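Values in this text are rule-based calculations from the coordinates and carry no lab data. Please read all numbers here as calculations on a predicted model, not as lab measurements. Positions of Cβ are backbone-derived with ideal geometry, glycine not excepted, and every protein chain shown enters the neighbour counts.
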Ligand code: SAH
Ligand code: SF4
Ligand code: F3S
């Protein structure tokens, strides 16, 4: 009955109706999901898909075929939110022609804006924050205790959430949720809540299940994996236990916070062959004054020492980073220190961003005093510099043999296979039939700034 009433009313009014009128679970059979943001969101999306499909909902590739359209959203920069708002504009129009379609906004932006989202964009039916995402099946079925806007924090059910694999050969395992660092620019602690480590048993069981299903490589995920702590088990110990107590062949992890990266982690990386030699270690800025105002709690010198120790302890390690330009008060001298650090440290790759004010963060109270066109100029110049550094680092790989996991065809050509090296670099090699999940020794023949090129080789 609810459905008939709802159909008769214009789409823009739907979300003001009581939920018993709004929802008709019999009408929702198919769903479409788009994920924005980081790996954490991808991992949550996989779990959400598992939850919906076990309850009988079918995932479809086309929004036009979906009864329920889900956006799993990101708030980390203004641009990320604008992208979601743009999609919601399209969906408002779609809903005019198909008023029965339901729209769910979940994840970080849902957490940040809550009911404001429904008020500002009436086509939105459900808003579920980062800890409530997995309740979407209950919400659309109108189960008792649920409502169409839910943003309360609480990780109480985390251990019951069964991660699903991303691809047949790789998978994410979230080891901790939330973040307690409150870097002054960052929205993540506000939208993901307090840090909480999953139990060792849960992590080991999840990894083992994936290994038994044929997964070759797992990525352990957390905003700051180095601060993982469950009872007496810290991150290096967790890595050792995953390596020794499961049959997973390759283990990766991210993200590492420089303030918590311990010498024991470096020893573990150096001694445990299943651990892939890649560390994503966001530096953010090469200026101590800026790092201080960012609340990062390390100096550039400390960061350099970690990189030196990693490169001394491991025969081969790939180090990647995140950098922000145009942070409030970043003088040209500070920016030049970032450039200088990039030249000195020689990152294998970097994600680079211009500072974006996030409402409610500490830095939002600072004067955002670097003009936008200056930020763009600084960013472009930094990107150019890093491109030349990446090229140099990649060219150093020429002549080396890298054990690489085959992921499929090259995105551009069916004549090439695509694989991932131990250092997390994409390598292309000639083949007309890539064997997905196979670990191949590839000799690197050439390299550009973003990709390596290699060929299968014999090794003893
Ligand atoms: N937990 C990770 C980072 C998560 S966010 C860590 O601590 O390193 C990913 C990256 O987005 C950050 O490393 C930072 O470089 C960037 N970022 C976060 N907030 C930002 C903001 N307000 N403006 C620009 N870049 C930002
Ligand atoms: Fe954000 Fe800092 Fe936490 Fe990373 S460590 S998620 S940058 S607050
Ligand atoms: Fe990730 Fe964006 Fe949320 S970076 S944690 S999806 S704010």
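Give the angle, between 0 and 90 degrees and rounded to the nearest 10, that separates the Cα long axis of helix 372-395 from the longest principal axis of the Cα atoms of the chain. With rounding to tens, the tilt is 50 degrees.
For the stretch 236-297, the relative contact order works out to 37 percent when only alpha carbon pairs closer than 8 Å and six or more residues apart are counted. Where only DSSP H runs of four or more residues are counted, the chain gives -10500 deg cm²/dmol as its mean residue ellipticity at 222 nm, each run worth -39500 (n - 2.57).
The mean sequence distance of close C-alpha pairs (under 8 Å, at least 6 residues apart), as a share of the length of the stretch 158-395, puts its relative contact order at 16 percent.
All C-alpha to C-alpha distances of the chain, sorted into 10 Å bins beginning at zero, yield P(r) values of 4, 19, 27, 27, 17, 6, 1, 0 percent in whole numbers.
Summarised in one figure, the compactness ratio Rg/Rh of the stretch 29-82, Cα atoms and Kirkwood Rh, is 1.02.
Over the C-alpha atoms of the stretch 158-395, the Rg to Rh ratio, Rh being the Kirkwood estimate, stands at 0.98. Axis of helix 200-212 versus longest Cα principal axis of the chain: the two differ by about 80°, to the nearest ten degrees. Annotation: average projected area of the stretch 401-456 is 3.2 square nanometres, based on the convex hull of Cα atoms across all directions.
Among beta bridges from DSSP that stay inside the chain, the antiparallel ones total about 35%.
Relative contact order, whole percent, for the chain stands at 9, derived from Cα pairs under 8 Å and 6 or more residues apart. Sorting 121-127, 137-143, 242-248, 227-233 by their mean Cβ neighbour count within 10 Å, with the most densely packed peptide first, gives 121-127, 137-143, 242-248, 227-233. The angle separating the long axis of helix 39-54 from the principal Cα axis of greatest extent in the chain is about 40 degrees. In units of the compact-protein estimate 2.2 N^0.38 Å, the stretch 165-246 shows a Cα radius of gyration of 1.16.
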